[in-house]
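Only one structure is covered here, and it is reproduced in the block below.
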């Protein structure tokens, strides 16, 4: 879930530990998007050296590159969710790599110049404990960071805005591509919040994350471009949901927001403010209406 800062991406390496250089074909084609000195994880695996010679940067010292995590069925499902989210947000399939072994309870989205995502095996296993929808949610959240990296979002600066917008994009994705039944979404949120903890840290507080996810879900009824999704999200979230003030009837519609969307959001603003304030509990949140 943690987003890695752009500057850190310039230093992403894999530490090679007492490898025999003869084990890796020097003529292996290099991939400029690869997170480990140009060699694909599959090349290391084929050479039989992944576990002994490559530790995945930003993961534990016993991590190693793998083509499969948990099992092939769940790995393929994760790939499908990554590709589906990439397609929805207008990106070419975002390169996806896997870290197996211990110390892999994380999923990281890396920015320029490579722009790729790494999922840890322990993260995938943990998400599956809450159901496959949790995998879809985290996959969309990480792809949302790729949208931010590549297209210059979020448009509004703030301590938690990057992560909260990714939650909103993930909610939008779940509505568009995964389910139209809101009660199925709650396990995904509960897994995400179990990672961030009660305080939420840079990801925002628990009520903030719930309201961001719900706002993205509600906007998922409409077909929005990435720029409109970013703009609509922050117009309603930062202007009305977070402050918790202002009557819905007094909300002025900006000229560049669709009239139907604005009318609908007026009808949901009190609900969103009650989610953010904690007036709507986690249990009540799980049983909100689909629309």
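So which residues in segment 80-105 are within 19 Å of residue 152 (Cβ to Cβ) and part of a helix (DSSP H, G or I)?
Pass one, segment 80-105, residues within 19 Å of residue 152 (Cβ to Cβ): 85-86, 88-92, 94.
85, 86, 88 - these are the residues of segment 80-105 that are within 19 Å of residue 152 (Cβ to Cβ) and part of a helix (DSSP H, G or I).
I'd like to check something: does segment 110-127 contain any residue that is modelled with pLDDT under 90, touching a helix residue (DSSP H, G or I) at 6+ places or on another chain (Cβ under 8 Å) and surrounded by 21 or more Cβ atoms within 10 Å (Cβ to Cβ)? Lay out the reasoning, then the answer.
Quick first cut of segment 110-127, residues modelled with pLDDT under 90 only: 110-116.
Filter again for touching a helix residue (DSSP H, G or I) at 6+ places or on another chain (Cβ under 8 Å), leaving 110-115.
Still in the list and also surrounded by 21 or more Cβ atoms within 10 Å (Cβ to Cβ): 110.
Looking for residues that are modelled with pLDDT under 90, touching a helix residue (DSSP H, G or I) at 6+ places or on another chain (Cβ under 8 Å) and surrounded by 21 or more Cβ atoms within 10 Å (Cβ to Cβ), one finds at least one in segment 110-127, hence yes.
Go over the candidates 59, 105 one by one and state the one that is outside the structural domain of residue 191 (by TED's automatic domain parsing) and surrounded by fewer than 23 Cβ atoms within 10 Å (Cβ to Cβ). Quick ask: steps written out before the conclusion?
On the way: 59 fails: surrounded by fewer than 23 Cβ atoms within 10 Å (Cβ to Cβ).
So the residue among 59, 105 that is outside the structural domain of residue 191 (by TED's automatic domain parsing) and surrounded by fewer than 23 Cβ atoms within 10 Å (Cβ to Cβ) is 105.
On the basis of being buried (at least 19 other Cβ atoms within 10 Å of the Cβ) and either at pLDDT 95 or above or part of a helix (DSSP H, G or I) (or both), does residue 218 make the cut? Give the derivation first.
Values: buried (at least 19 other Cβ atoms within 10 Å of the Cβ): yes; either at pLDDT 95 or above or part of a helix (DSSP H, G or I) (or both): yes.
Considered against the rule, which asks whether it is buried (at least 19 other Cβ atoms within 10 Å of the Cβ) and either at pLDDT 95 or above or part of a helix (DSSP H, G or I) (or both), residue 218 comes out as yes.
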Might you check whether a residue that is buried (at least 21 other Cβ atoms within 10 Å of the Cβ), over 28 Å from residue 202 (Cβ atoms) and modelled with pLDDT of 50 or more occurs anywhere in segment 65-87?
yes
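In this structure, does residue 165 turn out to be assigned by TED's automatic domain parsing to the domain that holds residue 220, touching a helix residue (DSSP H, G or I) at 6+ places or on another chain (Cβ under 8 Å), at pLDDT 95 or above and in a helix (DSSP H, G or I)? Even if it seems obvious, please write down each step before you answer.
On the way: assigned by TED's automatic domain parsing to the domain that holds residue 220: yes; touching a helix residue (DSSP H, G or I) at 6+ places or on another chain (Cβ under 8 Å): yes; at pLDDT 95 or above: yes; in a helix (DSSP H, G or I): yes.
Judged against the criteria, residue 165 is a match.
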Name the residues in segment 88-99 that are modelled with pLDDT of 95 or more and either within 15 Å of residue 170 (Cβ to Cβ) or in contact with a strand residue (DSSP E or B) (Cβ under 7 Å, 6 or more places away or on another chain) (or both), would you?
88, 89, 91
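Would you pick out the residues in segment 247-269 that are part of a helix (DSSP H, G or I) and surrounded by 14 or more Cβ atoms within 10 Å (Cβ to Cβ)?
So the first thing to find is which residues in segment 247-269 are part of a helix (DSSP H, G or I), and the list is 248-250, 259-269.
If the condition is that a residue be part of a helix (DSSP H, G or I) and surrounded by 14 or more Cβ atoms within 10 Å (Cβ to Cβ), then 248, 261, 262, 264, 265, 266, 268, 269 are the ones that fit.
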Criterion first (surrounded by fewer than 23 Cβ atoms within 10 Å (Cβ to Cβ), modelled with pLDDT of 95 or more and in the same structural domain as residue 80 (by TED's automatic domain parsing)) does residue 131 satisfy it?
yes
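Take the conditions under 17 Å from residue 91 (Cβ atoms) and over 15 Å from the mean Cα position of the chain (by Cα) and apply them to residue 125. Does it pass?
Values: under 17 Å from residue 91 (Cβ atoms): no; over 15 Å from the mean Cα position of the chain (by Cα): yes.
No, not satisfied.
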Residue in segment 179-197 that is buried (at least 24 other Cβ atoms within 10 Å of the Cβ), under 26 Å from residue 284 (Cβ atoms), outside the structural domain of residue 64 (by TED's automatic domain parsing) and touching a strand residue (DSSP E or B) at 6+ places or on another chain (Cβ under 8 Å) present:
no
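To keep it simple, each residue is scored yes or no on (1) closer than 28 Å to residue 91 by Cβ; (2) in contact with a helix residue (DSSP H, G or I) (Cβ under 6 Å, 6 or more places away or on another chain); (3) modelled with pLDDT under 90.
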{"position": "175", "(1), (2), (3)": "yes, yes, no"}
{"position": "179", "(1), (2), (3)": "yes, no, no"}
{"position": "203", "(1), (2), (3)": "yes, yes, yes"}
{"position": "213", "(1), (2), (3)": "yes, yes, no"}
{"position": "231", "(1), (2), (3)": "yes, no, no"}
{"position": "241", "(1), (2), (3)": "yes, yes, yes"}
{"position": "245", "(1), (2), (3)": "no, no, yes"}
{"position": "261", "(1), (2), (3)": "yes, no, no"}
{"position": "283", "(1), (2), (3)": "no, no, no"}
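The values are calculated or read from the model by the stated rules, or taken from the named source; none is laboratory data. Since the structure is predicted, the reported quantities are computational estimates derived from the model, not experimental observations. A quick note on method: Cβ atoms are made from the backbone with ideal geometry, for glycine too, and the neighbour counts reach across all protein chains shown.
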